[in-house]
Every structure is written in C-alpha cells, then in structure tokens.
Amino acid sequence: VRYVEAAVERHILGGPLTAVADAFRNLHGQTTPEGLDTVHAREVWEVTRGEAVNVVVIDTGVDYQHPDIAPNWQGGFNAITQTNDPMDDNDHGTHVAGTIAARDNNLGVIGVAPNVRLWGVKALRGDGGGTSAHVSAGIDWVIDQKRRLGGNWIINMSLGSVSESAFEQETI
C-alpha cells in the first residue's frame, strides 16, 4: 500500500445547459458554432475531420441516441453503476460530446471533429457531482479499451474540484 485517501468530490463546470442548447439549436438546418473558427477547425478539416481518432467524454454520460451523436457512437461505461450504459441524465456530457463530435448532417450543430469515434463514460451523477474514484474508474476503462483496440485515444474531462487526488493523478 502506497497511500490511502478519501474520495474527492468532482463536479461539472458551468450552469444548466438546456436553455443554451435550445438557443443555438437550428430546427431547419445546421448551425456552425462560432467556436469552430476560433479554434481553426475548418482549416484542419482539409486534413482530417477526426477519422481514426477515439474521443472519450468522461462526464455526466452521453445521450448516445441524439441524432447529432448517434452516427459516431462507439460505446461506453457507467462508472457509477458498473454497467455499459453511460446514458446522460444531466445534459452536460451530451453538450460536451456535441461540441467535440456533432455530426455534419444538416441537423442541429456541427462539432469540432465531426467524424471521430465517440465514446462516453458516466462518472458524474445527474446532479453534476461525483467522486475522484468514479473518474479514476472511468480513466481505467479507457486505458483498457486502448489496450484492447489500439489506436489514438483522447480523454475529455470538463469537470473540476477544489481538491487534488493523488489516486486520480496516478491513474492519469
């Protein structure tokens, strides 16, 4: 045993997203968010739109049935229930996933990398809170997937805390 520590609280960053998502949702076509040009995404699209890259969103889960997300969905893990169903019950993780990977399909919005292989890990509850233990379990799951499947993997964690966790840092 190298150390023992209590699980540290983790939480989503920002407030409710439903109103924001509804404000930008185009019901008659597709919106290109201003942020795509801020990060020069369209310039990169000349080379790649994310093909052959696996992106995992560790958050409140992902609504993998959403029409902007479903075409890229590869699977996921629920670190809270220890199942393979990371369905989002908060909308934060789905919002993050859409920012990254919303498909170029003339619906809703388009993401920064619309052709990535999208995965999701539910490590935060519906109220937006969770623990470093669940986050670490999610990271371990991603590492297992990379070992099993190979390829390029990126983890996004749009969450925060005021406390550090040695266990979580070691996992990363």
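The values are calculated or read from the model by the stated rules, or taken from the named source; none is laboratory data. Predicted, not measured: the structure shown is a model, and the values here were computed from it. Because the Cβ atoms are built from the backbone with ideal geometry, glycine has one as well, and the counts that use them run over all protein chains shown. Side chains included, ligands, DNA and RNA excluded: accessible areas come from the protein's heavy atoms. Shrake-Rupley method; radii C 1.70, N 1.55, O 1.52, S 1.80 Å.
Structure values in brief
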{"quantity": "Every pair of residues 6+ apart whose Cβ atoms lie under 8 Å, when the first sits in segment 153-166 and is of a type in the set (A, V, I, L, M) while the second is assigned to a strand (DSSP E or B) and open to solvent by 50 Å² or more (accessible area, probe 1.4 Å)", "calculated": "Leu159/His11"}
{"quantity": "Residue among Asp88, Asp59, Asp63, Asp68 that alone is outside any helix (DSSP H, G or I), in contact with a helix residue (DSSP H, G or I) (Cβ under 8 Å, 6 or more places away or on another chain), charged (D, E, K, R) and at pLDDT below 95", "calculated": "Asp68"}
{"quantity": "Filter pass, Asn115 being out of contact with any Lys or Arg (no Cβ under 7 Å at 6 or more places or on another chain), polar (S, T, N, Q), farther than 25 Å from Gln169 by Cα and touching a residue at least 60 places away in the same chain (Cβ under 8 Å)", "calculated": "no"}
{"quantity": "Subset of segment 108-155 (residues that are in contact with a Ser or Thr (Cβ under 9 Å, 6 or more places away or on another chain), surrounded by fewer than 16 Cβ atoms within 10 Å (Cβ to Cβ) and assigned to a helix (DSSP H, G or I))", "calculated": "Asp140, Ile143"}
{"quantity": "Long-range neighbours under 6 Å by Cβ, at least six apart or interchain, first residue under 10 Å from Asp59 (Cβ atoms) within segment 90-110, second open to solvent by less than 20 Å² (accessible area, probe 1.4 Å) and among the hydroxyl-bearing types (Ser, Thr, Tyr)", "calculated": "Asn90/Thr60; His92/Thr60; Gly93/Thr60"}
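This table checks each residue for (1) among the aromatic types (Phe, Trp, Tyr); (2) out of contact with any strand residue (DSSP E or B) (no Cβ under 6 Å at 6 or more places or on another chain); (3) closer than 21 Å to Trp73 by Cβ.
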{"position": "Val121", "(1), (2), (3)": "no, no, yes"}
{"position": "Arg125", "(1), (2), (3)": "no, yes, no"}
{"position": "Trp153", "(1), (2), (3)": "yes, no, yes"}
{"position": "Val162", "(1), (2), (3)": "no, yes, no"}
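Rundown of residues vs (1) without any contact (Cβ under 8 Å) to a residue 40 or more places away in the chain; (2) under 14 Å from Ala97 (Cα atoms), yes/no style:
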position: His40; (1), (2): yes, no
position: Glu46; (1), (2): yes, no
position: Ala52; (1), (2): no, no
position: Val57; (1), (2): no, yes
position: Val62; (1), (2): no, yes
position: Pro67; (1), (2): no, yes
position: Asn72; (1), (2): no, yes
position: Phe77; (1), (2): no, no
position: Asn84; (1), (2): yes, no
